1. Tell me the net charge near B:Ile167. Cut-off is 15 Å between Cβ atoms, B:Ile167 excluded, with +1 for each Lys or Arg and -1 for each Asp or Glu.
2. For peptide A:25-32, how many partner chain Cβ atoms fall within 10 Å of a residue's Cβ, on average?
3. Given a 10 angstrom Cα cut-off, can you work out which residue in B:Ile167, B:Ile71, B:Ile89 is the most mobile in a GNM of chain B?
4. Cα gyration tensor of the range A:23-62, axes a ≥ b ≥ c as square roots of the eigenvalues: rounded (a/c below 1.5), prolate (a/b > b/c) or oblate?
5. Sort the following peptides by mean Cβ neighbour count (other Cβ atoms within 10 Å, averaged over residues), highest first: B:34-42, B:108-116, B:148-156.
6. State, in angstrom, two size descriptors of the protein assembly as shown derived from its alpha carbons: Rg to one decimal place and Dmax to the nearest whole number.
7. Once you have the alpha carbon radius of gyration of the range B:38-182, what is it after dividing by 2.2 N^0.38 Å, with N set to its residue count?
8. Treating only the Cβ of Lys, Arg, Asp and Glu as charged (+1, +1, -1, -1), what charge dipole size does the range A:2-65 show about its Cα centre? Round to the nearest 20 debye.
Amino acid sequence: MAIIVNLDVMMAKRKITLNELSEKVGLTLANLSILKTGKAKAIRFSTLDSICKALDCQPADLLEHVK
Amino acid sequence: MEINGDFKFKLLNVISWILFIGLAIETGGYFTNALVTLFFNSEWASHFWGNLDLSGLYTFDLGLFICFITILILISLCKTIMFYHIISIFHKKKFDLENPFNETIKIYLFNFAYIVLEIGLFTYAGKVFAKWLMDQGIKLPPLENLNFDGSDVWIFMGITLLLFAKIFKKGVELQNENDFTV
């Protein structure tokens, strides 16, 4: 897919683990893992909102379009 | 006795097993009978499986006889494979009503639809072939005894199943999308 999820990059920048993010965002580890590994087919605005709040970033920092 | 979901499935499983064994015996019977007639004793053509008298066809032309019994065997074989698919789905325990839209059931539905269509096409071909042979003046058993009737029903059922399989395929795609929506 042309959309890349840069969740792992942002997590590394904020020095936060998947477990900590899971607790902050309220998502299961399995779902976060799907998002992190790029297997996700869609993302809800509410999920994006909570991840942006937890990582203090913009949606554009998490999502990238490549040609 | 209370008829619940499990009981219904067990009953269907038992019926499928009985039909599968019956059809497997019939297919084996046709095949063995054909082999014996062709290679050992040509008199068996008059006592074919299911009390069919195919001696008229055998004496008329051996090639046509082989074509005819091939169609008979193919129809019987397809029906056996159809029931094998039904049994396998019961035994593999892939029929999960909690999460019915999965790849295994999708493949099963497509295979099932194609086999039913094949039965319909072979039955139709057999019917047309038998009628043509009768027009040539060859004495053949009635079409009902040859399992050549009901080709239109098989084809209709096959097309309907194919449509259901297509809809199911879309369902599987939607389920996958839903599962991977975070």
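Quick note: the coordinates plus some simple rules give every number you see, no bench work behind them. It should be emphasised that the depicted structure is a prediction, and the values quoted were computed from it without experimental measurement. All Cβ positions, even for glycine, are placed from backbone atoms using ideal geometry, and neighbour counts span all protein chains on display.
1. On the way: positive: B:Lys106, B:Lys166, B:Lys169, B:Lys170; negative: B:Glu173.
For residues surrounding B:Ile167, the net value is +3.
2. Averaged over the peptide's residues, the number is 1.
3. Of B:Ile167, B:Ile71, B:Ile89, the Gaussian network model singles out B:Ile167 as fluctuating most.
4. Oblate.
5. Working: B:34-42: 14.3, B:108-116: 19.3, B:148-156: 16.9.
Peptide ranking by packing, descending: B:108-116, B:148-156, B:34-42.
6. 29.2, 89
7. 1.40
8. Magnitude of the dipole: close to 120 debye.
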